[in-house]
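Bear in mind that the values in this text are calculations on the coordinates, not laboratory data. What you see is a predicted model, and the numbers here were worked out from it, not measured in a lab. In this analysis, Cβ positions are derived from the backbone assuming ideal geometry, glycine residues included, and neighbour counts consider all displayed protein chains.
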């Protein structure tokens, strides 16, 4: 199960005031967005929304904290595997926002161990595609009222 571009786009659109780039909302639009490199402002917004440390965000993107810090300070774009990792995170945040309704609920839910995820914290599972799929599946089950 993969998050769709509309979920990732919805998350970005809900934070449009803080972002410095157009918000794609189709798979082709996101493909180009990722190929062009994800702006540093998107990473900054994810950090702010989830109240993450730079170290936590760096783990989600599979880069070092110093690389993340340098990119944020210089407003550099994230490309390649980093952009794909950002899309994975944005998609999950989009689904979480759709289901849980606001940033506070999303932040709280993602940072607490969840019984439907064997007690793991969803934010930590976002480091891999399989983990993100598990988080999204659980969110969709919650949305449909089918809680494991």
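The length gained by stretching the chain between residue 75 and residue 120 to full extension, at 0.36 nm per residue less their Cα-Cα distance, is 13.0 nm.
For the range 35-116, the relative contact order works out to 35 percent when only alpha carbon pairs closer than 8 Å and six or more residues apart are counted. Length, then width, then depth: along the principal axes, the Cα atoms of the range 33-90 run 26, 22, 18 Å.
When the alpha-carbon atoms of the range 15-148 are used, the pair Rg, Dmax equals 14.5, 45 angstrom.
Our estimate of slack between residue 128 and residue 144, defined as 0.36 nm per intervening residue step minus the Cα-Cα distance, is 3.3 nm.
What is the extension gain from residue 105 to residue 62, computed as 0.36 nm multiplied by their sequence separation minus the C-alpha to C-alpha distance, in nm to one decimal?
Length difference between fully extended and current span is 12.9 nm.
With a simple spin-label model that places each label point 7 Å from the Cα along the Cα-to-Cβ direction, the separation between residue 84 and residue 51 comes to 3.3 nm. Taking every C-alpha pair closer than 8 Å and separated by at least 6 residues, the mean separation divided by the residue count of the chain gives a relative contact order of 27 percent. With Cα atoms defining each centre, the range 76-97 and the range 44-65 are spaced 11 Å apart in the structure.
Show that you can apply the helix-only estimate: for the chain, add -39,500 (n - 2.57) for every DSSP H stretch of four or more residues, divide by all residues, and state [θ] at 222 nm to the nearest 500. Rounded to the nearest 500, the figure is -20000 deg cm²/dmol.
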